[in-house]
Amino acid sequence: MNATTGLNSKLALFGGEPVAARVVSPEWPPRSRETAQRLADLYMSGNWSFNLGEHESALCSEFAAFQGAKHAVFMANGTVTLLCALAAHGIGPGDEVIVPAFTWLASAMPVKYLGAKIVFADVEPTTLCLDPERVTAAITKRTKAIMPVHLYGSMVDMDAILAIAKRHNLIVIEDCAQAHGGRWNGRGLGSLGHVGSFSFQHNKNLTSGEGGICITNDAELAARMYRLSHIGYAPGEKMGQFKSTPAADLVCHNFRCTEFQALILRDQLSQFGERIREYADNVKRLEVRLADIPGVRVQSPGRRADRQSYYKLVLIFDTMPLADIPLSTLLKAINAEGIPMEGTYGSVYSHTLFNLPSSDFVLPKGGCPIAEGIASNRAAVLAHQWLSADPDVIDVVANAIAKVSANADALQRMELATISD
Ligand SMILES: *Cc1c(COP(=O)(O)O)cnc(C)c1O
């Protein structure tokens, strides 16, 4: 590294040369000419809808197998998948569902759609995922389900959650919207609880712009979720050729997706194992560098995580010399170096888009200090497409963080100057 780009050189925030000046941001979402051609063929075939074409049912078999479950149901997005997973278990008014305080707000909203109560529990400081001890503390006579969310690809301690659920006879709905391909102790995420729910929204690791899927090992449950999301049709029934009436307790919706989305996902899924291996190699490379940089750590994958898919990469700045510099300042400095990191969602109930009155949810006494603390104020994310970049791009990311860490004093002085202004 030369004098102008050295780690002790002037931060780009203060007019120095950005570390990533010559790096082109990796593109998202993944695209290919082959998929474009197949989409054109599908378009000309006219078989655009689920029960005319082959792609929805093929995607369901392929995705279920990939994740290690028996059945899958394809739907419009990863919010209605959670809604159907809860509804299939009859959850409604008077019931409580335990949800982590730190997640995207779509984990919590389906509980409200069904008229049940959202009960927030705090997360662990290492994984930033639902803390089993906080779950136990949140259980009441009305608790019906737990929703572990495998956030940013890290994994909830599923051994602990399954043991709690068994002891209290509770349903477990895994929100895997950010954890496609993840494995806990040899088993695919989403196949451990009663239902696993995934999103294919634009930013998600596997994407068709919008979309979602539920997996389960229970055939009857799969059929209930299918009916709930396909306006009452039973699995396998062709358009207009319905033969039976859904159970009286199911309020059925049209949450179907198109064949175009299923086709895009099938093509991506066929390459996905390779992509997450690439992410993992790059994260390993980055971790070796970050281990020598004071002030930063990586979100832990989870006690028995054995394959992580990395939905974004979360760095936590809670040790010196970076711990007492405001996150917004650190992000300004990192962004100025040419690395587009950003803050997290923060706690669900503090999110700008979350508008539910406090009567719709329960918070533990004393709030959720981890969700409101390090998860909101010390953690930041790097978009996962950067993890599929060439190794020398990964080194540039490490160099940017190293430079900011080496310049902590200058950032401190800037803060002090701002405060005394
Ligand atoms: C994206 C996401 C959802 C919802 O998925 P949509 O497809 O956007 O509806 C649910 N939970 C989590 C944790 C998510 O990140």
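The values are calculated or read from the model by the stated rules, or taken from the named source; none is laboratory data. Because the structure is predicted, anything quoted here is derived from the model rather than measured. So basically every Cβ, Gly included, is an ideal-geometry build from the backbone, and we count neighbours across all protein chains shown. Remember, those area values only see protein heavy atoms, side chains included, never the ligands or the DNA or RNA. Shrake-Rupley method; radii C 1.70, N 1.55, O 1.52, S 1.80 Å.
Each peptide in 128-138, 344-354, 81-91, 43-53 was scored by the mean count of other Cβ atoms within 10 Å over its residues; highest first, the order is 81-91, 128-138, 344-354, 43-53.
Within the accessible area of the stretch 296-421, the carbon and sulfur atoms contribute 54%, probe 1.4 Å, all protein chains present. Measuring from centroid to centroid over Cα atoms, what is the spacing of the stretch 1-65 and the stretch 100-152 in Å? Taking the Cα centre of the stretch 100-152 as reference, the centre of the stretch 1-65 is 31 Å away.
Near Ile171, the amide H atoms lying under 5 Å from its own belong to Ala145, Ile146; only residues 5 or more places off or on other chains count, and H is placed 1.01 Å from N. Protection proxy ranking for 226-233, 11-18, 302-309, using the average of other Cβ atoms within 10 Å per residue and placing the highest first: 226-233, 302-309, 11-18. Note on the chain: with a GNM built from Cα contacts shorter than 10 Å, the maximum mean-square fluctuation among Arg38, Arg289, Arg256 falls on Arg38.
The candidates Met109, Met320, arranged from most to least accessible area with a 1.4 Å probe in the full protein assembly, appear as Met320, Met109. Within the listed set Val296, Val99, Val123, the Gaussian network model of the chain (springs between alpha-carbon atoms below 10 Å) gives the highest mean-square fluctuation for Val296. Of the accessible area of the stretch 28-179, with the probe set at 1.4 angstrom, what percent is carbon plus sulfur? Result for the stretch 28-179: 55 percent of the exposed heavy-atom area is carbon or sulfur. The lysines within cross-link reach of Lys117, meaning a Cα-to-Cα straight distance under 18 Å and a gap of 8 or more places when in the same chain, are Lys141, Lys144, Lys365. Dipole size of the chain about its Cα centre, with +1 on Lys/Arg Cβ and -1 on Asp/Glu Cβ: approximately 700 debye, rounded to the nearest 20.
Note that the stretch 156-164 has calculated 3J(HN,Hα) couplings of 5, 5, 5, 4, 5, 5, 5, 5, 5 Hz, one per residue in order, obtained from phi through the Karplus relation 6.51 cos²θ - 1.76 cosθ + 1.60 (θ = phi - 60°); glycine and proline are x. For the chain, the solvent-accessible area works out to 42 Å² per residue, with a probe of 1.4 Å and every protein chain left in place.
Here Lys284 is the anchor, and the lysines within straight C-alpha reach of less than 25 Å, apart from those fewer than 8 places off in the same chain, are Lys204, Lys312, Lys403. Heavy-atom accessible area with a 1.4 Å probe sorts Arg266, Arg31, largest first, into Arg31, Arg266.
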